[in-house]
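The values are calculated or read from the model by the stated rules, or taken from the named source; none is laboratory data. These numbers were taken from a predicted model, which means no experiment stands behind them. All Cβ positions, even for glycine, are placed from backbone atoms using ideal geometry, and neighbour counts span all protein chains on display.
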Amino acid sequence: MSQQISMKLLPALLLVAFSGTAGASGFQLLEQGSGLGNAYAGSAAKASDASTIFWNPAGMTQLQAREVSGGLTAVRPSFKFDDQGSQTGVFSAGGPALAGNGGDAGSWAFIPNGYVSWALNKDLYVGLGIGGPFGLATKYDKPWKGSAQSDEFDIETININPSIAYRVNEKVSLGAGVSWQKIKADYYRQAADASQGGLALPAVQSHMSIDDDAWGWNIGALFTLSPATKVGLSYRSAIQYHTDGKITLSGDTAAGNAAAAVLSSPAFGRASDVKADLKVPDTFVLSVTQQLSDRWEMLGDVSWTGWSSIQNVNIIRTSGVLNGQPAEILPADFQDTWRVALGANYKYTDSIKFMFGIAYDQTPVKNATARLTSLPDNDRTWFTVGTQWKPAKEQTVELGAAYLYIPTTNINHSTTAGGTVIGNYDSSVWILGAQYSLAF
C-alpha cells in the first residue's frame, strides 16, 4: 500500500522540484545546465558536459566514456505594477473594493537539472536528462486592481529525455531523443459576473487546476569544422497537451463562503470539471564556438521559438449545467520569437576560466492589449558573468550570474468579466546558477 502511494506521489513531487519562474521570454526556462555565464551562447555546439543532452544530444560524442552533470538555478523576477486608470469592478457585497497595485508579483524560484551520459563504444553514446523547460509563477498581493483577471498563476513542468548519439566520422555527429513531459497549471482569480458588467462577486475566489502529460522529440547535429571551430544545430519539437482538471470556488469571508456555496451548487454550475488544449512551442538553435587563441574562446547562438502555437487558450467546462461552455478564455495571441546570444571565455589558468555573455531575447507578447496580468512579459537583454573551476581533471564546477534588463512594460488588457487593467510594470530578473560535472 505504501509503495502505491509513493508511486502516485512521485509525479507531483517531481513537478514541485522542477517548477520555476520564467527566465527566458514567455514562460520558457533556459536554465537547463551549464552556460549561464555565457548567456547560454554556443549551447548547441560547446558540448562541454552531459547537459549537452538537452541542448544538442549529438554533443555526447565529445564527452568522456561516462559523465554526470547536475545543477541548481535560482531565479528572482520582479514585476511591480503601477496603475494608470484601470477600470475594474468592485465587490457587490461583503468585501473591499478592487484596489491596490498588487505589490511585487515575482518571487524566488529554484530550478534543478540532472544528466548522465554513457559511451557504449567509441562512437555510440546514450544519455538521460531531467529538467523543467517551461515554468511560470506570478502572485499578487490581493485584492488589487487586476484581481478579477489574475491573483496567482503557476505553471510547472518536468521533462524526462532519454537520448542517443552517433559519431559518423571525426567531423560529423548526430543525436536524437524522446521526451516525456508533464505539465500542471494553477490559476487563481477573483470570481466575476460578466452579466453584471464585470462586477466581482463578494470575496469569492476561483481556482482552476489542470494537468496532462505528453510526448515530444528532439534531434541534433554537431559539425567539427576544424580543431578550433564547431557548429551545432538542434531542434526540439512542440508538445501538444489535452489537459483536464477542475474549477473550485471558495470565500475569503462569511459572505464569500455563502456565495461560493451557492455558485458551486448544481443550479449555477460555476464549479465544474474543465478541459483545455495547449501546445508548448518548438525550438530551433544554431550555435558556433570558435577558439581564438590559447586563452580566448568565442561562442554564438541564434535560436527561434514557435510561440505562435499558443493563441487563445479556451478553458471549457465538461460537467454541470454549463457543460460545453467556456469557463475562461485566455487571449494570449503569442507570436514567434528570436533570441541572439554572444559569449566569451578567458582561460586564466589551466584550472580557472572566466565567462562573459550578452543576449537579446524577444517576447512573444505582441502589444499592451494582448499582455496578460498573469504573464506581464516583455523583451529582455541578458548581461552575464561566470567562472569555471576544475579542482581535478575529471571535475568541473561552474558558477554564473545574470541580470536581465526589461524596459517599462505597458498593459491595457480587457476581459469580459475582469474589466480593464491599464498601467505599466517595472520589471527585472536576477539569475544565479551552479553546475557540477564529473567524468569517470
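Details
- Beta carbons closer than 8 Å, at least 6 apart along the sequence or on distinct chains, pair a first residue in the range 167-192 that is within 30 Å of Ala417 (Cβ to Cβ) and modelled with pLDDT under 95 with a second that is of a type in the set (Lys, Arg) and part of a loop (DSSP other than H, G, I, E, B) for Gln190/Lys142; Ala191/Arg270.
- Screening Ala44 on (1) touching a helix residue (DSSP H, G or I) at 6+ places or on another chain (Cβ under 6 Å); (2) at pLDDT 95 or above; (3) closer than 16 Å to Pro112 by Cα shows it passes everything except condition (3).
- Filter result for the condition that a residue is outside any strand (DSSP E or B) and under 21 Å from Ser206 (Cα atoms), over Gly100, Gly59: Gly100
- Filtering the range 333-361 to residues that are surrounded by fewer than 21 Cβ atoms within 10 Å (Cβ to Cβ) and either under 27 Å from the mean Cα position of the chain (by Cα) or more than 30 Å from Ala39 (Cβ to Cβ) (or both) leaves Asp333, Gln335, Asp336, Trp338, Val340, Leu342, Ala344, Phe356, Ile358, Tyr360.
- Strands (runs of 3 or more DSSP E) enclosed by the range 304-410 - at least 2 residues per element that are under 20 Å from Ala185 (Cβ atoms): 312-317, 326-331
- Selection of the range 384-408 for residues being under 21 Å from the mean Cα position of the chain (by Cα) and without any contact (Cβ under 8 Å) to a residue 60 or more places away in the chain yields Tyr403, Tyr405, Ile406, Pro407.
- Summed over the range 60-100, residues that are modelled with pLDDT of 95 or more and under 27 Å from Asn424 (Cα atoms) total 9.
- The range 262-281, subset of a type in the set (A, V, I, L, M, F, W, C) and either part of a loop (DSSP other than H, G, I, E, B) or modelled with pLDDT of 90 or more (or both), residue surrounded by the most Cβ atoms within 10 Å (Cβ to Cβ): Val280
- Residue within the range 139-147 that is surrounded by 23 or more Cβ atoms within 10 Å (Cβ to Cβ) and assigned to a strand (DSSP E or B) present: no
- Residue within the range 228-248 that is under 18 Å from Gln149 (Cβ atoms) and either assigned to a strand (DSSP E or B) or among the hydrophobic types (A, V, I, L, M, F, W, C) (or both) present: yes
- So Asn121, is it at pLDDT 95 or above and part of a loop (DSSP other than H, G, I, E, B): yes
- Condition check for Ser150: in a strand (DSSP E or B) and out of contact with any Pro (no Cβ under 6 Å at 6 or more places or on another chain): no
- Scan of the range 282-317 for residues that are surrounded by fewer than 17 Cβ atoms within 10 Å (Cβ to Cβ), under 24 Å from the mean Cα position of the chain (by Cα), of a type outside the set (A, V, I, L, M) and modelled with pLDDT of 95 or more, ordered by number: Phe284, Ser308
- In the range 293-301 there is at least one residue matching the filter, namely being charged (D, E, K, R), under 30 Å from Thr349 (Cβ atoms), in a loop (DSSP other than H, G, I, E, B) and touching a residue at least 40 places away in the same chain (Cβ under 8 Å).
- Condition check for Phe79: of a type in the set (A, V, I, L, M, F, W, C) and part of a strand (DSSP E or B): yes
- Condition check for Ala259: touching a strand residue (DSSP E or B) at 6+ places or on another chain (Cβ under 9 Å) and at pLDDT below 95: yes
- The residue pairs whose first member lies in the range 320-343 and is on the phi > 0 side of the Ramachandran plot and without any contact (Cβ under 8 Å) to a residue 40 or more places away in the chain, whose second member is assigned to a loop (DSSP other than H, G, I, E, B) and of a type in the set (Gly, Ala, Ser), and whose beta carbons are closer than 9 Å, counting only pairs six or more residues apart or on different chains, are Asp333/Ala370.
- Hits in the range 411-440 - residues which are hydroxyl-bearing (Ser, Thr, Tyr), in a strand (DSSP E or B) and surrounded by fewer than 17 Cβ atoms within 10 Å (Cβ to Cβ): Ser414, Ser428, Tyr436
- Residue within the range 393-409 that is out of contact with any strand residue (DSSP E or B) (no Cβ under 8 Å at 6 or more places or on another chain), surrounded by fewer than 20 Cβ atoms within 10 Å (Cβ to Cβ) and among the small types (Gly, Ala, Ser) present: no
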